[in-house]
Structures are given as structure tokens and as C-alpha cells.
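First comes the structure, then the notes that go with it.
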Amino acid sequence: MSSDAAGFTGNIPQYYDQGLGPIIFAEYAADLARRAADSGPARVLETAAGTGIVTRKLRDALPEGTQLTATDLNPPMLEIARAKFGPGEQVAFQPADAVALPFADQSFEAVVCQFGLMFFPDKAKSFSEAHRVLAPGGRYLLNVWDSHSYNSFGRIAHEVAGRFFPADPPQFYSVPFSCHQIDPIKEFLMAAGFGDIGIAVIRQERELPDVAQFARSAVFGNPLIDQIRARGGVDPERIVEALAREYRREFGDKPGRMPIQAIVFSATKS
């Protein structure tokens, strides 16, 4: 992941985990974990694990004896993930690139990836790598965000940040929502050798108990903040304030209510 859109470093992981995690990631993580546990896998790999939001849900859903390995290309994210587990919880953490996995063929019965595909520079290779490390009959479970049309929090953040830099608008918020078309992902799965492909569109509503805090995390909890600072000339707090105003207008306040939508794919290695 060489793009600056994948550089979750500095203070970004804390804002991502504490400010964004409970609002937009946790329930989709629980959904993926339930799907993974349904097949009773003995060995599970998570790619693009980030701060361990899915990892925590997986460990809670899987049988105690299941071996769970969580990987991410960003060690600062994995450090936060490690802190969520005790020494006896049988979770192995390892920095690894999803397009070049350091595992032998047929090492796992399930591979899980939440909202990671959008950041992989070689998406086809990420699918072939998941297929390679899966045992026959193993399942690949992944989800992606649907488009800005169904996730207005991302659209609004993209538009607000762009207003402050009309000549060179930051592009981070175009990346997480760039894999919403179903057919290309289906074709990647089939080309990698997967079958029995399932697709589910999951729309949910989130409560925003503190709209201002969510706006802050939407700016500081991802590489948008680095793109803002690289351009210079604008205090990031001004963008946070403008974004909070737009979020209140769109979602209400005390609390706000925000619709979000993701697409879940499941596939089996024959």
C-alpha cells in the first residue's frame, strides 16, 4: 500500500479506533465475525486488521481453540490492536502485506478482510493471495463501503475538505468508497478461483452521541489530516468545525442519526 491514502500513522490510529471505530466499524465487524464463525474454521487469517476492531469480534465469536492471525501493513495500527487482548487469547499479530502474504499455501480455513480492499494497490493479487493461503473448502469474507450516495458522511467530508483547497482538493475520502461496484469484485473472485459467491448489501443506522467528536475523528482519524497538513495554509480545526456544521445539518444533533451502507462478499475455495 504505497499510496498516501494508506498511511495510518502518528496519532491517526487513536482517532480511528476510538472516534470512528464504535460508530462506523464495530457493527460491520461483528457481522463479519459471525459469518466467519459459522463454518467453524480451525485457522483464521485477518488481513488489513488495523486497530483490531474485527480481530476482537473474531476472537469473541470463534471457538477458544481456533488459531487467529491478524495482519496489517501498518505496525502502529497493530500496536493498538495488541493492547485489546490478554496473553492467553491465542491471537498472533504480524505485519504483512495482503498482496504478498508471508504464509504457506493452504494455511487457513478462513480469510477475513474488513474495508481493506480499497487500499490495496494490486487488487487482483490480493484475491489470488487469499485463495492461495486458503485450504480447499476455505472461505474468504470481505466487505467494502458502498458509494457516497449511501454513505453521506464520506461524501460530506470529501466536499467540505475540498472547499478549503479548491485548486487541489484532498482525495482521501474518494478512496474508501471506490470499490462499491459489485461486478468487478465478483470477477476478481472468480478469476482467483473462488466459487459459491455470496453478496449482501447491509444498510444500518448509527447514532451520533457527539457530532463534533465524530467530525473531529473524520478529519484526524485517517490520512485526510496528512493531506491537509501537506497542503498548508488552513488550520485543520476550521475544517473540523465546518464538517460538524454540515453533519448536524444532515444528521441532526443530540443525538444525530446517520445511515451507512456496506457490501459483504463471501466466497469458497473449491
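Assorted remarks:
- Rounded to 0.05, the FRET efficiency of the residue 200 and residue 79 pair, given R0 = 35 Å and the Cβ-Cβ distance, is 0.60.
- Highest average packing first - 156-166, 132-142, 111-121, 227-237, Cβ atoms within 10 Å: 111-121, 132-142, 156-166, 227-237
- In the complete set of protein chains, residue-level accessible area for residue 60 is approximately 100 Å², probe 1.4 angstrom.
- Angle in degrees between helix 123-133 and the longest Cα principal axis of the chain, rounded to the nearest 10: 30 degrees
- Taking every C-alpha pair closer than 8 Å and separated by at least 6 residues, the mean separation divided by the residue count of the chain gives a relative contact order of 23 percent.
- Remark on the chain: ratio of C-alpha radius of gyration to 2.2 N^0.38 Å is 0.99.
- Helix 236-251 vs. the chain, principal-axis angle (Cα, 0 to 90°, nearest 10): 80 degrees
- Of the cross-linked pairs 123/269; 57/123; 84/186, those separated by over 27 Å at the C-alpha level are 84/186.
- Residue 12 - accessible surface, heavy atoms, 1.4 Å probe, Å² rounded to 10: 10 Å²
- Space enclosed by the convex hull of the alpha-carbon atoms of the range 108-172, per residue, Å³: 95 Å³
- Here the chain has 48 percent of its accessible surface on carbon and sulfur atoms, given a 1.4 Å probe and all protein chains in place.
- Rounded to the nearest 20 debye, dipole of the chain from Cβ charges on Lys, Arg, Asp, Glu: 240 debye
- The range 20-174 - convex hull of alpha carbons, volume per residue in Å³: 125 Å³
- Degrees between helix 26-38 axis and first principal axis of the chain (Cα, 0 to 90, nearest 10): 10 degrees
- Convex hull volume of the Cα atoms of the range 91-231, normalised per residue: 153 Å³.
- Residue-normalised accessible area of the chain, given per residue in Å² at a 1.4 Å probe: 41 Å²
- Segment residue 104-residue 191, extension gain: residue separation times 0.36 nm, minus the distance between their alpha carbons: 29.3 nm
- Along the axis of the charge dipole computed for the chain (Cβ charges of +1 for Lys and Arg, -1 for Asp and Glu, origin at the Cα centre), the listed residues 170, 230, 73 are led at the positive end by 170.
- Per-residue packing, averaged as other Cβ atoms within 10 Å, sorts the ranges 203-209, 96-102, 185-191 into the order 96-102, 185-191, 203-209, beginning with the highest.
The values are calculated or read from the model by the stated rules, or taken from the named source; none is laboratory data. Everything numeric in this text was worked out from a predicted model, so none of it was measured. Using ideal geometry, Cβ is built from the backbone for each residue, glycine included, and neighbour counts are taken over all protein chains shown. What goes into the accessible areas is simple: the full protein's heavy atoms, side chains included, and nothing from ligands, DNA or RNA. Shrake-Rupley method; radii C 1.70, N 1.55, O 1.52, S 1.80 Å.
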